[in-house]
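Here is the structure we will look at, set down as structure tokens.
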Amino acid sequence: MTLRLLLIPALALLLAACDIPGLGPDPRIAQREAEGKAIGGACRYAVRGIEECYQLNPKALKTAVFEGWREMDQYMRENKIEGQPTPEAREAAEDKKPATAEKKPAPAIKPAVADKKAS
């Protein structure tokens, strides 16, 4: 009888140390979440908005992307780190700057002469 009482806790301890397949979290889910956080962090560092990040990565988990973006934003603010825009974003910004900087005023519209024969 005492042997049976000792056997039950010993068996429970042995099973507690085992990794039984199928009972733990799916590693693919953890991998997708980690990948989404990395994507979000990279988007924030590349000075991309969260909406643009969602559009560029439609298959990524939005919650994980947002969490990564938010964490990177907080980290960058705390450490006073400036983001690094991608080369495409820099080119687009350079294309926009000259157009707004070199805006010329519209020529004045001359009133149409109503009666040219009278003059």
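Working only within region 48-66, note down all residues that are assigned to a loop (DSSP other than H, G, I, E, B) and surrounded by 15 or more Cβ atoms within 10 Å (Cβ to Cβ).
Step one: of region 48-66, the residues assigned to a loop (DSSP other than H, G, I, E, B) are 48-49, 57-61.
Once the filter is applied, which keeps residues that are assigned to a loop (DSSP other than H, G, I, E, B) and surrounded by 15 or more Cβ atoms within 10 Å (Cβ to Cβ), region 48-66 yields ARG48, ASN57, ALA60, LEU61.
Taking region 21-47 as the range and being closer than 23 Å to ILE81 by Cα, assigned to a helix (DSSP H, G or I) and among the hydrophobic types (A, V, I, L, M, F, W, C) as the test, the residues that pass are ALA34, ALA38, ILE39, ALA42, CYS43.
Each reported figure results from applying straightforward, stated rules to the coordinates on display, with no laboratory input. Because the structure is predicted, anything quoted here is derived from the model rather than measured. We place every Cβ from the backbone using ideal geometry, glycine too, and count neighbours over all the protein chains shown.
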